Amino acid sequence: MAARAFTAIVGGYAAAAAFVSLLARIAPIDRAEATIWAMTLSFLVYAGLLLWAFHETRLARVTGVIWGLAFGSAGCLWLLGPAL
Amino acid sequence: MSKAASNAATGVRQSMAWIHGWLGLLAGWILFAMFLTGTASYFRPEITRWMQPEMDLRPVTAATAADTAVAHLQKVAPTAEQWFIYLPDARTTATRIFIRERPNPDPNAKPAPRRDELRLDPATGEEVTARDTRGGEHFYRFHFQLQIPHPWGRWLAGLCAMAMLTAIISGVITHKRIFVDFFTLRWSKGQRSWLDAHNASAVIALPFHAMIAYTGLITLVAMYMPWPIQANYKDPATFEKAVFGAEPDAEASGRLAALTPVAPLIARASQEWGGGAPATMVVRYPNDAAATVTLFQNSRDRLNARGGSIVFSGVDGRRLSTSPPPGPAAETSGVMLGLHMGSFAGPVLRWTYFLLGLAGTAMVGTGLMLWTVKRKRPGAAPFFGIRLAERLNVGAIACLPAGMAAFLLANRLLPATLPARGDIEVSIMFWVWFGLAALACVRPIRRAWTETLAIAAAAFLALPLVNALTTDRGFVRSFANGDWLFAAFDLAMLATGALLGFAAWRTTQKSSRPARKPRTAPRGASALREAVDAH
């Protein structure tokens, strides 16, 4: 349960933050607008991940998907670098 | 629906009910406090005015207030680095000013002490002297900083807001009969009643609850979720410039130049904003050849709380720059901010906001009660977790209101000239709140409820009386003089006291009733929850 809660709360935040940041980075619209949309919608992504992390019974799957999304998105961002 | 699909739906509802229960419990006590103090904050300026009864200022136009404030500042700080002038409106009658001194050029000199914010009579520009108090600002700050050192209070509040958003989504999924529950409230049926009350308070104001949790997160989004800015910009200042416009950053020239009259600038800004009024005026390097005057639009007459800003030259009044028009995303986030704070709301909508906030407080409170009530098994001694939750429920639901009333009572009873009395008022709220909660722990649980609720009720009922005895704005006189703020405040305190008194009376009633067995097998969501709880 502790591992699941940690993945859900900390990992979910990291995954939501990295994923929406990646969307903000690659969205083909104005930079400032893309940034604000990502910030605004991030909490819904986080909420979705939180609920799913407690709903899905297979812990390995929860851990893999959430940390995979976090590190995958963060890795892409690191390769892309800031736009401006 | 096929059997497999129906099983999957039941599985989702079960896990969502489980998450809903635990999230609600763990964040519930803090959320209750955030909801209650946040609801009171819809009357932030009114509470401040009530807490300074000796101050009774007449409203003037923004231009007059700006002129008198500038005249005052020219006398006391003509060579400051920046003047911040917060202009009054119909609700906040005083002008607030804040002076930032120029840094001492000698790098070894001690930095000048931070000057206090001052309040001026907008008609004369004279400093107003009234009792020191945090006023409504205290409830407002507490509701997102929780009196915990920066930044931890805001992070904890954010975590609880996130829990609430998630609990609302899972609560809706758990719920099968959302429309029916709107009309269902069965009194005096133990757990059933708490479930009905929780459902009713949640469902009636569901759009409000969802909105307030989500938009609450948006108010501090730059702190909670700055990562998209990092992903796009090397320097976050570039983002701020793109969204809010460039702030003046020229250095002082060192040449003297008289400051331009500010009233015409306000008239021009108001024209540019289609009649909108400025809320804040920032003068940078007054009386210098590089002086600028920046006007920020108020959020009273618009849904988007992030108004525009215009920078004027402080020497000849030329318009130098303006904030860019917001794009769809900036507009959306500004409107979300406005919806949370409700500064655009007139009296009727403001009271509606207040009542919806109370419904949210009730939703959290009844949810907390439900958690303990449904886990108690008849005949069995409750285990430690339940007893702890019960005590924390008393501490949040009954003792916080008592603390809030004590804060208001302290405002009337402490001597007006007592040093640091504003801080003492705040300490009194927490001593009463936590002290009462600690005392309640040594009483049997039922007695603890009755006694703490009765104390809270008595404290609120005492407020109009104490106000009448310690000020010249008691109910009879304020009613006769048409002083509606004070009259309404007294009535609101009486209503709050009556509500708490009714709650205290209910706790004495129930103990005499025999425990009832449910006559019919529980159905729907509650059967599900019980099945889940049995694990």
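The values are calculated or read from the model by the stated rules, or taken from the named source; none is laboratory data. Since the structure is predicted, the reported quantities are computational estimates derived from the model, not experimental observations. As a convention, Cβ positions derive from the backbone with ideal geometry for all residues, glycine included, and neighbour counts pool all protein chains shown.
Answer yes or no as to whether A:Ala5 is closer than 24 Å to B:Ala210 by Cα and without any contact (Cβ under 8 Å) to a residue 12 or more places away in the chain. Spelling it out, A:Ala5 is indeed closer than 24 Å to B:Ala210 by Cα and without any contact (Cβ under 8 Å) to a residue 12 or more places away in the chain.
Okay, residues lined up against (1) among the aromatic types (Phe, Trp, Tyr); (2) in contact with a Gly (Cβ under 8 Å, 6 or more places away or on another chain); (3) within 14 Å of another protein chain (Cβ to nearest Cβ):
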| site | (1), (2), (3) |
| --- | --- |
| B:Ser6 | no, no, no |
| B:Trp18 | yes, no, yes |
| B:Glu46 | no, yes, no |
| B:Met55 | no, no, no |
| B:Val60 | no, no, no |
| B:His72 | no, yes, no |
| B:Arg91 | no, no, no |
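Within region A:26-63, the only residue that satisfies the criterion of being within 7 Å of chain B (Cβ to nearest Cβ), among the β-branched types (Val, Ile, Thr) and surrounded by fewer than 24 Cβ atoms within 10 Å (Cβ to Cβ) is A:Thr40. B:Ser201 passes every criterion in (1) touching a Gly at 6+ places or on another chain (Cβ under 7 Å); (2) more than 13 Å from chain A (Cβ to nearest Cβ); (3) hydroxyl-bearing (Ser, Thr, Tyr) apart from (1).
Could you say which residue among B:Thr238, B:Thr322, B:Thr260, B:Thr294 is within 28 Å of the chain's Cα centre (by Cα) and among the hydroxyl-bearing types (Ser, Thr, Tyr)?
Values: B:Thr238 fails: within 28 Å of the chain's Cα centre (by Cα); B:Thr322 fails: within 28 Å of the chain's Cα centre (by Cα); B:Thr260 fails: within 28 Å of the chain's Cα centre (by Cα).
Testing whether each residue is within 28 Å of the chain's Cα centre (by Cα) and among the hydroxyl-bearing types (Ser, Thr, Tyr) leaves just B:Thr294.
Scanning region B:408-467 for residues that are buried (at least 20 other Cβ atoms within 10 Å of the Cβ) and among the acidic types (Asp, Glu) gives a single hit, B:Glu425. Checking the stated criteria, A:Gly75 turns out to be more than 10 Å from chain B (Cβ to nearest Cβ), part of a helix (DSSP H, G or I) and either surrounded by fewer than 19 Cβ atoms within 10 Å (Cβ to Cβ) or among the small types (Gly, Ala, Ser) (or both).
Go through region A:10-25 and give me each residue that's aliphatic (A, V, I, L, M) and at the interface with chain B (Cβ under 9 Å from one of its Cβ atoms). Give the steps one after another, and end with the answer.
Narrowing region A:10-25 to residues aliphatic (A, V, I, L, M): A:10, A:14-18, A:20, A:22-24.
If the condition is that a residue be aliphatic (A, V, I, L, M) and at the interface with chain B (Cβ under 9 Å from one of its Cβ atoms), then A:Ala16, A:Ala17, A:Ala18, A:Val20, A:Leu22, A:Leu23, A:Ala24 are the ones that fit.
Counting the residues of region B:184-201 that are modelled with pLDDT under 85 and within 30 Å of the chain's Cα centre (by Cα) gives 1. Among the residues of region B:70-95, not one is in a loop (DSSP other than H, G, I, E, B), touching a Leu at 6+ places or on another chain (Cβ under 8 Å) and surrounded by fewer than 16 Cβ atoms within 10 Å (Cβ to Cβ). Of everything listed in (1) surrounded by fewer than 20 Cβ atoms within 10 Å (Cβ to Cβ); (2) in contact (Cβ under 8 Å) with a residue 12 or more places away in the chain; (3) small (Gly, Ala, Ser); (4) within 10 Å of chain A (Cβ to nearest Cβ), the single unmet condition for B:Ala222 is (2). From the list B:Ala277, B:Ala263, B:Ala258, the one residue that fits, being out of contact with any helix residue (DSSP H, G or I) (no Cβ under 6 Å at 6 or more places or on another chain) and under 24 Å from B:Ala63 (Cβ atoms), is B:Ala258.
The residues in region B:226-248 that are more than 7 Å from chain A (Cβ to nearest Cβ) and in contact (Cβ under 8 Å) with a residue 24 or more places away in the chain can be counted, and the count is 5.
Criterion first (closer than 24 Å to B:Ala396 by Cβ, in a helix (DSSP H, G or I), in contact with a Gly (Cβ under 8 Å, 6 or more places away or on another chain) and in the same structural domain as B:Gly365 (by TED's automatic domain parsing)) does B:Ala458 satisfy it? It is true that B:Ala458 is closer than 24 Å to B:Ala396 by Cβ, in a helix (DSSP H, G or I), in contact with a Gly (Cβ under 8 Å, 6 or more places away or on another chain) and in the same structural domain as B:Gly365 (by TED's automatic domain parsing).
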